[in-house]
Amino acid sequence: MNRLLLIGLLLLTHLTFADDGYRLWLKYDRLTDATVRSGYARSAQFIAVSGSSPVLKSATNELQLGLQGLLGTTVPTLPSAGTRQGGIVLTVGVSGADANELNEEGYRIVKRQGNILVMGKTDVGVLYGTFALLRQLQTGQSVDAINLVSSPKVKLRMLNHWDNPNGTIERGYAGGSLWKWSELPETIDPRYKDYARANASLGINGTVVNNVNASARMLTGEYLQKVAALAGVMRPYGIKVYLSVYFAAPKTLGGLKTSDPLDPEVRKWWTDKTAEIHRYIPDFGGFLVKANSEGEPGPQDYGRTHVDGANMLAAAMKPFPGVVIWRAFVYKADPTGDRFKAAYEEFTPFDGQFDPKVIVQVKNGPIDFQPREPFSPLFGAMPKTPLGIEFQLTQEYLGFATHLVYEAPVFKECLESDTYAAGKGSTVARVIDGSLHGYSQTLMAGVANTGSDRNWTGNPLAQANWYAFGRIAWDHTLTSAAIADEWVNMTLTRQPQAVSHVRAMLLRSRDIYVDYNAPIGLSRPWTGVHFAPEPWQNKSPRPDWTAVYYHRADSVGLGFDRTATGSNALAQYRPEVRRQWENVDNCPLPYLLWFHHVPWTKQLSTGRTLWDELCTRFYTSADSVRWLQQEWTLAKPALDPVLYTDVAGRLATQHREAIWWRDAWVLYLQEFAKKPVPKPFKQPEQTLDDVKKSVDIYLLR
Ligand code: BDP
């Protein structure tokens with residue numbers, strides 16, 4: 001009996017204290033520093049809120065929840081502050097100087113007449129301000145003279161879920177879909193609300209709930225009811241719901257003879273369907289379309305163009321505020337072509353021809369979410385078309401849920417690249433936020449890394465990528481380090497030493513991964529599952545679905561010549577950009593093999609030959625995973641033990657797999673380079689055949 005009691009108690013302690021990661025960065029654990037806590041408590045004696053919209057209710061509830069957790073006291077809510085001081089006042093509607101610098105979703109937080117005022121032009125602005133105030137408290141900032149002004153730089157900040165109606169997720173590594181389609185609309189999982197809270201805390205205001213490889217089923221009345229139920233949960237958090245659509249739905253679902261976008265019956269079908277969607281979801285966000293890409297149907301099946309397809313949907317959307325997001329991720333099986341050039345070739349001729357409701361969504365790089373890519377040349381080449389950007393949070397090419405890769409530097413690197421589209425300073429960020437070409441439809445999308453795992457993202461540290469995406473979509477000038485600091489403080493620990501260890505890990509993680517995976521501008525060393533090393537892979541119905549197509553290793557050297565002597569993809573960039581990359585002698589190393597076929601013996605800017613440089617990177621990066629492990633251990637005393645152990649296990653696996661990658665690359669490339677592994681590194685213990693066998697086994701079904 002006593003034993004049982006003891007086990008029960010132990011279990012209870014475990015349940016109470018173990019951090020399962022569910023609360024993400026909205027943990028609101030009690031502040032341990034009593035002075036800080038009582039300082040905050042003096043400024044948060046009440047919450048005054050005039051108005052009762054559902055969004056304001058969300059703000060008030062969140063503030064109460066947060067203060068209750070952080071301060072340990074229940075804070076009363078009043079309809080107005082009256083003459084009282086020492087509280088937090090949520091106010092919709094700003095005028096005069098307060099209104100300056102604020103757009104419709106922005107907020108201003110000031111200390112005035114003894115109260116903290118959270119103001120916005122709209123209730124959603126106040127909601128974002130509330131989360132910003134909570135962030136200040138969570139990260140231990142003073143609120144005595146608080147003065148914050150912030151407005152989102154991009155209008156549509158959204159997650160793209162690649163979730164299927166059968167509950168699976170394409171490229172999902174954190175369990176099944178969040179959406180329990182079979183239970184909807186009757187059963188509303190409380191998790192939907194927590195998802196909405198997490199997104200709203202970052203300013204994410206849109207969610208595409210289904211896969212771009214869309215099922216027509218999502219457009220049936222049955223599913224629209226389910227989607228409407230989700231929209232009902234999202235609405236009080238300022239989030240609109242969008243749908244990916246299957247272009248051939250008029251035929252497969254509507255029973256028409258064609259899905260030709262110029263056919264009157266097809267146009268009517270979409271017009272009626274769009275109206276029907278709005279009967280279920282009056283504030284529907286819009287459509288996301290993958291057309292004529294990787295086998296998906298599209299207007300080209302009928303001899304029509306992307307413009308015909310997109311504008312047809314835009315016409316159907318005309319009576320409503322929603323948008324049509326048309327993806328530029330297209331490439332054809334062209335044995336002589338260069339996949340790098342495909343999207344630019346297909347889309348630039350249409351610049352200026354899309355309906356104003358259309359936004360063209362472009363992946364950050366020209367190929368496909370590789371560990372490191374140059375920015376897509378489309379960003380510098382479509383001044384008359386609103387372009388949105390698409391990043392991938394789910395780590396399809398970044399080691400799934402095992403390897404640690406903090407992606408803020410991936411986003412920043414692309415956004416800070418200069419396209420020179422309108423002279424120096426024409427960064428991708430300024431194209432995307434509309435300031436360069438003056439468009440008002442602006443969009444940043446992240447392919448979600450969320451799933452049904454209790455901690456949402458599989459690897460608990462991958463939550464930082466969701467967080468970073470949202471923060472950057474709101475304000476692309478935030479630094480990777482500042483975002484990492486916020487996230488670690490809010491999510492893992494506020495102990496300064498531990499924060500600095502974890503911050504260091506996050507900030508170096510992407511470069512470490514790149515160096516054992518695809519260093520110096522290599523890409524796609526894998527085919528099928530996008531995880532195991534397969535640089536030798538040379539068989540496929542399409543040349544651009546082999547690994548050798550991308551790295552072009554031969555007895556002379558390595559890399560894809562995209563200069564004028566090769567595919568000339570570089571000609572798709574402005575001359576200023578081209579000049580940075582076209583000369584093999586001064587092309588920055590991160591992009592070298594993207595643009596040049598470099599001899600093994602060529603001396604690089606580091607003083608090493610290409611072969612030696614590659615080996616140095618493969619070996620030191622695999623060793624650096626050990627460093628990640630050490631940093632994690634140093635942070636251990638300040639971390640939740642369950643979370644610590646979870647991540648420690650993943651890092652150990654990452655180390656083993658980094659060596660797997662290193663050996664695969666070194667042994668494979670050595671066949672061409674015919675050189676020894678340079679000292680002090682040692683020749684791998686296994687042979688190329690050993691590694692190939694291990695990969696074959698990994699890929700066995
Ligand atoms: C590729 C993925 C594939 C997606 C495609 C896309 O492997 O699953 O459907 O991108 O973005 O990276 O459409």
Of the numbered conditions (1) of a type in the set (S, T, N, Q); (2) away from the ligand (no atom under 16 Å from the Cβ); (3) farther than 23 Å from Asn100 by Cβ, Ser150 fails exactly one; give the number of that condition. (3)
Name the one entry in Val666, Val642 that is open to solvent by less than 70 Å² (accessible area, probe 1.4 Å), in contact (Cβ under 8 Å) with a residue 24 or more places away in the chain and more than 19 Å from Asn517 (Cβ to Cβ). Val642
Scanning the range 348-364 for residues that are surrounded by 21 or more Cβ atoms within 10 Å (Cβ to Cβ) and either assigned to a loop (DSSP other than H, G, I, E, B) or within 15 Å of the ligand (Cβ to nearest atom) (or both) gives Phe354, Lys357, Val360, Gln361, Val362, Lys363, Asn364
Somewhere in the range 579-588, is a residue open to solvent by less than 40 Å² (accessible area, probe 1.4 Å), modelled with pLDDT of 95 or more and among the aliphatic types (A, V, I, L, M)? no
Could you list, in sequence order, all residues of the range 268-317 that are buried (at least 17 other Cβ atoms within 10 Å of the Cβ), within 16 Å of the ligand (Cβ to nearest atom) and more than 18 Å from Phe354 (Cβ to Cβ)? Glu296, Pro297
Picking from Asn115, Asn166, Asn103, Asn147, which residue would you name as being polar (S, T, N, Q), in contact (Cβ under 8 Å) with a residue 40 or more places away in the chain and open to solvent by 30 Å² or more (accessible area, probe 1.4 Å)? Asn103
Output yes when any residue across the range 332-347 is within 16 Å of the ligand (Cβ to nearest atom), open to solvent by 20 Å² or more (accessible area, probe 1.4 Å) and more than 19 Å from Phe560 (Cβ to Cβ), and no when none is. yes
In the range 381-396, how many are farther than 23 Å from Gln441 by Cα and either surrounded by fewer than 23 Cβ atoms within 10 Å (Cβ to Cβ) or in contact with a Lys or Arg (Cβ under 8 Å, 6 or more places away or on another chain) (or both)? 2
Matching residues, the range 538-548, being open to solvent by less than 40 Å² (accessible area, probe 1.4 Å) and either more than 15 Å from the ligand (Cβ to nearest atom) or free of Cβ contacts under 8 Å to residues at least 24 places away in the same chain (or both): Thr546, Ala547
Can you find a residue in the range 172-187 that is crowded, with 22+ Cβ neighbours inside 10 Å and outside any loop (DSSP other than H, G, I, E, B)? no
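Per-residue answers, yes or no, for (1) assigned to a loop (DSSP other than H, G, I, E, B); (2) over 21 Å from Ser376 (Cβ atoms):
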position: Phe560; (1), (2): yes, no
position: Thr563; (1), (2): yes, no
position: Leu570; (1), (2): no, no
position: Val577; (1), (2): no, no
position: Ser605; (1), (2): yes, yes
position: Phe618; (1), (2): no, yes
position: Trp627; (1), (2): no, yes
position: Glu631; (1), (2): no, yes
Which members of the range 209-231 meet the condition of being within 17 Å of Ile169 (Cα to Cα) and in a loop (DSSP other than H, G, I, E, B)? Val209, Asn210, Asn211, Val212, Asn213, Ala214, Ser215
The one condition in (1) away from the ligand (no atom under 16 Å from the Cβ); (2) in contact with a helix residue (DSSP H, G or I) (Cβ under 8 Å, 6 or more places away or on another chain); (3) under 26 Å from Arg171 (Cβ atoms) that Gly458 fails to fulfil: (2)
Residue satisfying condition, being under 27 Å from Trp326 (Cα atoms), among the hydroxyl-bearing types (Ser, Thr, Tyr) and modelled with pLDDT of 95 or more, within set Ser426, Ser452: Ser426
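The values are calculated or read from the model by the stated rules, or taken from the named source; none is laboratory data. Bear in mind the structure is a predicted one, so any value in this text is a computation, not a measurement. Don't worry about glycine lacking a Cβ; one is built from the backbone with ideal geometry, like all the others, and counts go over all protein chains shown. Note: accessible area is taken over every heavy atom of the protein model, side chains too, but ligands, DNA and RNA are not part of it. Shrake-Rupley method; radii C 1.70, N 1.55, O 1.52, S 1.80 Å.
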